[in-house]
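Laboratory data are not the source of any read-out in this text; all were calculated from the coordinates shown. Predicted, not measured: the structure shown is a model, and the values here were computed from it. Cβ: placed from backbone, ideal geometry, glycine included. Neighbour counts: every protein chain shown.
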Amino acid sequence: MNINATLINLYHVCPRECWLHTNGINMEHTSDTVYDGKLLHETSYSQRAEKYTEIELSATLNDEITLTGKIDFYDANEKIIHETKRSDKVEEAHEWQIKYYIWLLELNGIENAQAILEYPTLRHKSLVVLNDADKQHLLSIISAIAQLKESDICPPKINAKICKSCSYYELCYIDE
């Protein structure tokens, strides 16, 4: 079973969206919000691609679960991940995605990495680090995602403010 950084993020935002995504129902291609985020990522720090490296990582847990992640901007000299996001509405989910990246680096022998979470339109940056309690939380989240992925039952909708801008909105609220 494969678990990636997107699933870590989605699980913290909405277990239903995570379940739909794990079951091959992807609606991001229809979302202006997702498109805006990609455009922001490409244009906010245009010099970054020349300066930092994109890396793909993987690790295996208990010979059962493969963890994967793609870090767009990694400064190998300073051991800093740069993660750009459009809005801080789901900042906690962003932080867990980045902690997952830091953990993947550790699992691949790169110790003491940190990350900078950047919101260019808000002109806000924050430092993200990983501690032992975070690693335990990530293990429990991975277990929960694995169970979610194996379930035949889609979790209920969460009825949150963020739902209105979600690419899955019409799918979740079709019966209303």
Q) Are there GluC sites (Glu not before Pro) in segment 104-156 that DSSP marks as loop and that have at most 16 other Cβ atoms within 10 Å, and which are they? A) 111
(Q) Taking 2.2 N^0.38 Å as the expected size of a compact globular protein, what ratio does the Cα radius of gyration of segment 76-144 give against it, to two decimals? (A) 1.12
**Q.** Whole-percent pair-distance distribution, where bins are 5 Å wide, for the alpha carbons of segment 54-176
**A.** 2, 9, 17, 18, 18, 16, 11, 6, 2, 0, 0
Q. Which lysines have a Cα lying under 20 Å from the Cα of residue 99, excluding residues fewer than 8 positions away in the same chain?
A. 70, 79, 85, 89, 125, 135
**Q.** Cα gyration tensor category, rounded, prolate or oblate, for segment 104-176 with a/c compared to 1.5
**A.** oblate
Q: Between the alpha-carbon centers of segment 94-134 and segment 135-176, tell me the distance in whole angstrom.
A: 23
